[in-house]
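For reference, the structure is listed below as structure tokens.
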Amino acid sequence: MKFEQTDVDGLFLTELTTFGDERGFFARAFCDQLFAENGIEFSVRQINLSGNTSQGTLRGLHYQTAPKPDPKVVRCIRGAVWDVVVDLRKESPTYLKWYGAALTADNRKALVIPGGCAHGFLTLEDDSELLYLMGEEFVPDLAGGQRWNDPAFAIEWPFEPKIIADRDANYPDYVVS
């Protein structure tokens with residue numbers, strides 16, 4: 001597994017190292033030791049799936065607040081998405097910076113997202129599915145969100161969403177402090 005530090009502090013894009021033969025391939029998708037060797041503390045507390053029927057579906061930007069921020073590893077296992085992370089950690093040197101990447105079933109890349117960052121995605125294909133390894137359990141009272149097109153972030157999405165939940169479409173503007 002290869003780890004690439006992105007422009008957002010603590011956010012990594014991973015690429016699988018595959019071993020192939022006439023049967024297909026094998027790859028390690030998660031390894032505590034490799035994460036630790038790259039300075040990433042992460043243990044899986046929950047595993048989630050997100051199934052999305054239609055191209056143009058937007059989910060996010062979601063996060064979980066202290067005392068249980070939710071680090072995660074996100075991988076597209078069917079279809080393709082434009083995946084976005086926004087650094088909301090006020091103490092971070094990359095506070096308010098965003099990063100986007102195409103995660104596809106074909107490229108098998110994943111994002112390792114630190115707690116305190118908001119996450120969302122836009123489906124690029126019908127029938128796209130994401131697998132989330134969560135570093136914290138979901139706590140409804142700590143769940144939060146920011147609007148996908150908030151001017152404070154100026155995220156460059158590939159196109160306007162066609163499907164978005166009312167909750168995600170109507171988050172208030174982020175207050176920069």
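The values are calculated or read from the model by the stated rules, or taken from the named source; none is laboratory data. Nothing here was measured: the structure is a model prediction, and the numbers come from that model. Positions of Cβ are backbone-derived with ideal geometry, glycine not excepted, and every protein chain shown enters the neighbour counts.
Tabulated results
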{"item": "Residues of the stretch 1-27 satisfying the condition of being acidic (Asp, Glu), assigned to a strand (DSSP E or B) and more than 18 Å from residue 105 (Cα to Cα)", "result": "4, 21"}
{"item": "Qualifying residue in the stretch 19-26 (condition: on the phi > 0 side of the Ramachandran plot, modelled with pLDDT under 95 and surrounded by fewer than 16 Cβ atoms within 10 Å (Cβ to Cβ))", "result": "yes"}
{"item": "Test: residue in the stretch 29-37 that is under 13 Å from the mean Cα position of the chain (by Cα) and either charged (D, E, K, R) or outside any loop (DSSP other than H, G, I, E, B) (or both)", "result": "no"}
{"item": "Matching residues in the stretch 82-108 - criterion: being out of contact with any His (no Cβ under 9 Å at 6 or more places or on another chain), assigned to a strand (DSSP E or B) and among the hydrophobic types (A, V, I, L, M, F, W, C)", "result": "82, 98, 101, 102, 103"}
{"item": "Per-region count, the stretch 38-81, residues within 19 Å of residue 1 (Cα to Cα) and part of a strand (DSSP E or B)", "result": "6"}
{"item": "Test: residue in the stretch 128-144 that is surrounded by fewer than 19 Cβ atoms within 10 Å (Cβ to Cβ), farther than 21 Å from residue 64 by Cα and under 17 Å from the mean Cα position of the chain (by Cα)", "result": "yes"}
